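Worksheet for the structure shown next.
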Amino acid sequence: MEALLALVIGVLGGSGIWLVLRPRTFQVIMGLTLLSYAVNLFIFSMGSIFIDKPPLVRPGVPADLQHYTDPMPQSLVLTAIVIGFATTALFLVVLLASRGFSGTDHVDGTREEP
Amino acid sequence: MPLAALLLLPFLGSVLTALLPTRARSELAACAGFVSAGAAVWVISLFPRVRDGGVIRETISWVPSLGLDLVLRLDGFAWMFAVLITVIGALVCLYARYYMSPEDPVARLYAFLLAFMGAMLGVVLSGNLVQLVVFWELTSLVSFLLIGYWHHRVDAQRGARMALTVTGAGGLALLGGVLLLGHIVGSYELDVALASGDRVRAHPLYPAALVLILLGALTKSAQFPFHFWLPRAMAAPTPVSAYLHSATMVKAGVFLLARLWPVLSGTELWFWIVSGAGMTTLLLGAYIAMFQHDLKRVLAYSTISHLGLITLLFGLNSSLAAVAGVFHIMNHATFKASLFMAAGVVDHETGTRDIRRLNGLIRSMPRTGALALVASGAMAGVPLLNGFLSKEMFFAETMFFSAHPSVEVMLPVVATIAAIFAVVYSLRFGYDIFFGPPSTDLPRQPEEAPRWMRTPIELLVLSCLIVGVAPTISIGPSLAAAARPVVGGTLPEYSLAIWHGFNPPFVMSLVAIAGGVLGYLWLRKHQEQGRLQDAPFVGRLNARRLFESALLGLTRLSRRVLRLAGTRRLQTQMFTIIAVALLLALLAARGVPLEWGDRDRLPASPAFVLLWVIGAVCAVGAAVMAKFHRLIAITLMGGAGLVTCLTFMWFSAPDLALTQIVVEIITTILLLLGLRWLPMRIEGISRPVTARDRMRRGRDLLLAIGAGSGLAALSYAMLTRPAPHSISPFFLSRALPEGGGANVVNVMLVDFRAFDTLGEITVLGAVALTVYALLRRFRPPPESIEQPHQQRAFPADVVTDLVKPRTAEDAARGYMMVPAVIARLLLPVSVLVAAHFLLRGHNEPGGGFVAGLVVAIAMLMQYMVSGALWLEARARLRPVRWIAVGLLLGAITGLGALAVGYPFLTTHTAHVRLPLVGEVHLPSATFFDLGVFAVVVGATLLTLTALAHQSLRAHRRPTQSPASSTSEGTS
């Protein structure tokens, strides 16, 4: 399970990085989204993975890390997901504006390849 | 707190004047003048407390944990400077009322003058060395603004920039020096530093600290070889020159020399640097001043020379010389400020400052002429005026100075020669323009200056006279109080008498005056014949030109370095960032080996493997398709997001799974809305792929694979090691008893880390508003303004809501009937689901974020099936108000805790008994969560509807359509 999760984090991250290095703005925005999946999973996995131990405190069960999964990476990632949406929206609008101003969807705003 | 109030007063006045109408000269002058005069009276009233060596101290605690305090400190010397700053400041405010023209925006001038007064008071009142440097730099900044007051003039721009560069660089050196000094002493307190002179001078770091501090002082006081900025600063309005560049700011350098005299002086190094710079400047400044034709430039070079004299006095390592230096600071400030003002009057009344054109002005402006004559007498060192007294003390010091024999001979000779030069330029200023046949070709017919414009000059000249005639009564006590702290507490024997008998200093004075008169006559004869218009011998030694070429060289060098080492291309930047990060991670792995741990592995489940096979295919597919098939790429990415969401579910993170899935929906809608405005990109018609493109792609692919493998290895290493000891058990164990909720993640968000969440929703609101603002000015590319080609396929006369689904009358009548009815029926259900998530969030998976996104999705669904026009005619959503209400709710909940004496955002849980429902526990965090909910609804709706509205707006078509912008795309 761990190996698989690590592998998929690698695949998501690698695909994201490939796209971030592309010259078209749409590719970059897709790349950032894929990269954010990878990073969110990565941060989430820092608390190590458990099955069936959600951090919902139940009566009679001692509240410690043996009986529940780590809530801290989860709350960090929750914030990151929402902020990720906000940055995607901002980036999308900036890329549309840049496209309108410069007439091209190249990341440098210039049509010619130097 | 008398000192803190005194320091604050000019800054408050500065703000006040900045708010007054910009050309209301009289009101502004009155306001600024009263502020300065009030400060002056305040300072003077403090005299009894510093008279006999007393020191007023005030400490305002600033960052106590770092030991940083604001320390204000007033002793006799600082008092003397504070009096000069405030009194001359008040006079300059009055003078500027008449000097500035009605067209000038004088509010700016007065605001800057008062700000400068505050900064300068800050320098002299500082009891902490670092604080002193801060105010020191502030004076440089305000001086820059004042020199550049007439910012449309090129000379003002250049002068301001040069002054800032030189004094700012000096300030930086000073900061270094002060830090070294603080290191040697062990404290930045001025009092501690003043008490540890012996230790400082014996320390191995003393030379470095000394040189750096002197760099600061000498640049500020325009000492050789940094003197060239001061004549350039004369582009400032004359009141500014009178105030900053003669009386106060340029004195900050010598102030520092005097302030640190007990700590730093007394060594060979001090003597050679300080007196060497002072002597060179004294002679050079006076020499160049003789050959200037601009009244203000004569005064500028003479100021340089007099500052050199003061520097020389402090450099002589004798306490009697230091007293003379303090005395000359006062005298020079009074006569030079009055001379600048007189030069300003002449300029104002005649329209020129050229000495060669000005003649015989005494007939048209007798009073100004008389005042200028007396003041130039003081500058030349004529008996019965204040300049004579301090100059006499200076001569005496040079006579009785004992050091190397060569210096002993040279010093009196140099002093006499400089004094002769001073007489010559004083005559050129005083005599040349006021006597002789009246000039006839002046730009303006000269007449006497207004009554109140002369008043400041009269007061200053009067004080020159009083000090010159009766020094012991008038200035004696102040001088004693001012000089005592400089020489370290015990004053040397000195006499302020006018007549000391026929002794060598008196002979030097006589020689200077006689030689000066003869020299003036000789120079005038030559100049009338057109010779000696410029200073001979020093033409090549042009420090300004050296400075400018050095600056140019530095600029060129940095530009070249930037071109070599920098790039504007995003792809290169991203590549570098990722490659460097990967490299650093690999290097770090050498120190902490990347090894797998031995934690028990979870057994792999076939379903999960299958899930991620799909996920990985989706991710790679999205990466491949993103260039030519955007819709497919978005779909595949949604697949990857869905798999991520299921993974969260799998590994006990229900909250994350809920959030991920709703965010996934919103993001997909967002990207779909954006697709319409992107250029079409069709596979196969772009330019052929070159070998270079292939190489770049190969390189990027390698980096992507490398970084991905690194990421995988790192997370595998982390996943197989035992979980680290973190602060998580704290949250787990306190969530129910203290946070009042069983869902630990939600309790952390709205309680333990609520401040973070408040910041996050603020960011969310700010992003939504930014998106809205950016889209208001949105200009779509020309080829995407046309209707999409599916909508154009219908003939114009066909009546169907397929043509313009967004603007159709009611979608529920046409082909969208079934989805529209379902979506409308689902709306209340969705709101109910959202309410459920919101209310149970504290104990079960859910919460404000999820609930807000669910409501947003429900509304967006209505938009999609019914069209924006139909929806907005029936429901006013006002997303901006949602954001505002949400932020207010969050902030008020937090402040409520503050109001009852708990830290910001502390939760309180109330237990209420309701009929029928029974016991209800109601944490105040619920209201906070409600705020989160409102912000999320508002921000999401604002972002997406702003984007959706772009297709409804009638976009202005560009008159000339540029060449097809589709694709010469490459890798």
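Residue by residue, region B:638-650 carries 3J(HN,Hα) couplings of x, x, 4, x, 4, 5, 4, 4, 5, 5, 4, 4, 4 Hz when phi is fed to the Karplus relation 6.51 cos²θ - 1.76 cosθ + 1.60 (θ = phi - 60°); x denotes Gly or Pro.
Using a 1.4 Å probe on the protein heavy atoms, what percent of the accessible area of the protein assembly as shown belongs to carbon and sulfur? Using a 1.4 Å probe with all protein chains present, the protein assembly as shown comes out at 68 percent carbon and sulfur. For region B:137-229, the dipole from Cβ point charges (+1 on Lys and Arg, -1 on Asp and Glu) about the Cα centre works out to 320 debye, to the nearest 20. Peptide B:636-647 has a mean shielding of 4, counted as Cβ atoms of other protein chains within 10 Å of each residue's Cβ.
Relative contact order, whole percent, for chain A stands at 24, derived from Cα pairs under 8 Å and 6 or more residues apart. Within the assembled protein chains, the solvent-accessible surface assigned to residue B:567 is about 60 Å², based on a 1.4 Å probe. Reported to the nearest whole Å, the Cα centre-to-centre distance from region A:86-109 to region B:1-47 is 50. When the helices of the protein assembly as shown are scored as -39500 (n - 2.57) per DSSP H run of n ≥ 4 and the total is divided over every residue, the value at 222 nm lands at -22000 deg cm²/dmol. Rounded to 0.05, the FRET efficiency of the residue B:293 and residue B:451 pair, given R0 = 25 Å and the Cβ-Cβ distance, is 0.25. Karplus-derived 3J(HN,Hα) values for region B:491-503, using 6.51 cos²θ - 1.76 cosθ + 1.60 with θ = phi - 60°, are 6, x, 5, 8, 10, 9, 5, 6, 10, 9, x, 7, 10 Hz; glycine and proline are entered as x.
Using θ = phi - 60° in the Karplus curve 6.51 cos²θ - 1.76 cosθ + 1.60, the 3J(HN,Hα) couplings for region B:318-335 round to 10, 5, 5, 5, 5, 4, 4, x, 4, 4, 5, 4, 5, 5, 4, 4, 5, 6 Hz; x is entered for Gly and Pro. For the protein assembly as shown, lysine pairs separated by 8 or more sequence positions, or belonging to different chains, with Cα-Cα distances below 28 Å total 12. Since only B:478, B:449, B:438 are under comparison, the one whose Cα sits farthest along the positive direction of the charge dipole of region B:419-488, derived from C-beta charges on Lys, Arg, Asp and Glu, is B:478. Take the protein assembly as shown with all the other protein chains still there, run a 1.4 Å probe, and you get 42 Å² of accessible area per residue.
With the simple spin-label model, which puts each label point 7 Å out from Cα in the Cβ direction, the residue B:738 to residue B:874 separation comes to 5.0 nm. In a GNM of chain A with a 10 Å cut-off on Cα contacts, which of A:22, A:58, A:99 has the highest mean-square fluctuation? Judging by the Gaussian network model, the answer is A:58. Would you mind classifying region B:42-176 by shape? Square roots of the alpha carbon gyration tensor eigenvalues, ordered a ≥ b ≥ c; an a/c under 1.5 is rounded, otherwise it is prolate if a/b is larger than b/c and oblate if not. Oblate, since a/c reaches 1.5 and b/c is not below a/b.
Summed over both chains, the area buried between B and A is near 9000 Å², taken from the accessible surface of protein heavy atoms with a 1.4 Å probe. Along the axis of the charge dipole computed for chain B (Cβ charges of +1 for Lys and Arg, -1 for Asp and Glu, origin at the Cα centre), the listed residues B:632, B:731, B:164 are led at the positive end by B:632.
Indicate the gyration tensor shape class of region B:494-580 (rounded, prolate or oblate), computed on the Cα atoms with a ≥ b ≥ c the square roots of the eigenvalues: a/c under 1.5 is rounded; otherwise a/b larger than b/c is prolate and the rest oblate. It comes out oblate by the Cα gyration axes. Distant-in-sequence amide contacts of residue B:909, defined by a placed amide H-H separation under 5 Å and a gap of 5 or more residues or a different chain, comprise B:924.
For region B:551-659, the residue among B:616, B:656, B:561 whose Cα projects farthest onto the positive side of the dipole built from Cβ charges is B:561. Mean partner shielding of peptide B:619-631, defined as the number of other chain Cβ atoms within 10 Å of each residue Cβ, is 5. Springs between Cα atoms under 10 Å define the GNM used for chain A, and in it the highest mean-square fluctuation of A:74, A:66, A:27 occurs at A:66.
Helix B:570-591 versus the longest principal axis of chain B: what angle, 0 to 90°, nearest 10, using Cα atoms? Here the helix axis deviates by roughly 90 degrees. Seen against the Cα atoms of chain B and their longest principal axis, helix B:504-528 is set at about 80 degrees.
The modelled label-to-label distance between residue B:500 and residue B:568, using points 7 Å beyond Cα along the C-beta direction, is 6.7 nm. Considering only A:94, A:77, A:61, the Gaussian network model of chain A with Cα springs below 10 Å gives its largest mean-square fluctuation to A:61. Measuring between their Cα centroids, region B:191-266 and region B:341-419 lie 23 Å from each other. Compute the angle between helix B:276-290 and the longest alpha-carbon principal axis of chain B, please, reported from 0 to 90 degrees and rounded to the nearest 10. Tilt of helix B:276-290: around 70 degrees. Distance from the C-alpha centroid of region B:126-153 to that of region B:689-741: 49 Å, rounded to the whole angstrom.
Among the residues of A:45-53, the average count of other protein chain beta-carbon atoms within 10 Å of the residue beta-carbon is 6.
The calculated pair-distance distribution of region A:75-114 uses every alpha carbon pair, bins of 5 angstrom beginning at 0, and gives 6, 23, 18, 15, 12, 10, 8, 6, 2 percent.
For residue B:436, the residues whose modelled amide H falls within less than 5 Å of its own, excluding neighbours fewer than 5 places apart on the same chain, are B:360. Assign unit charges at the C-beta atoms only (+1 for Lys and Arg, -1 for Asp and Glu), then state the dipole size of region B:301-428 relative to its Cα centre in Debye, rounded to the nearest 20. With only Lys, Arg, Asp and Glu charged at Cβ, the dipole is about 460 debye.
The values are calculated or read from the model by the stated rules, or taken from the named source; none is laboratory data. Just so we're clear, the structure is a prediction, and the values are computed from it rather than from any experiment. Virtual Cβ from ideal backbone geometry, glycine too; neighbours counted across all protein chains shown. With ligands, DNA and RNA removed, areas are computed over all heavy atoms of the protein, side chains included. Shrake-Rupley method; radii C 1.70, N 1.55, O 1.52, S 1.80 Å.
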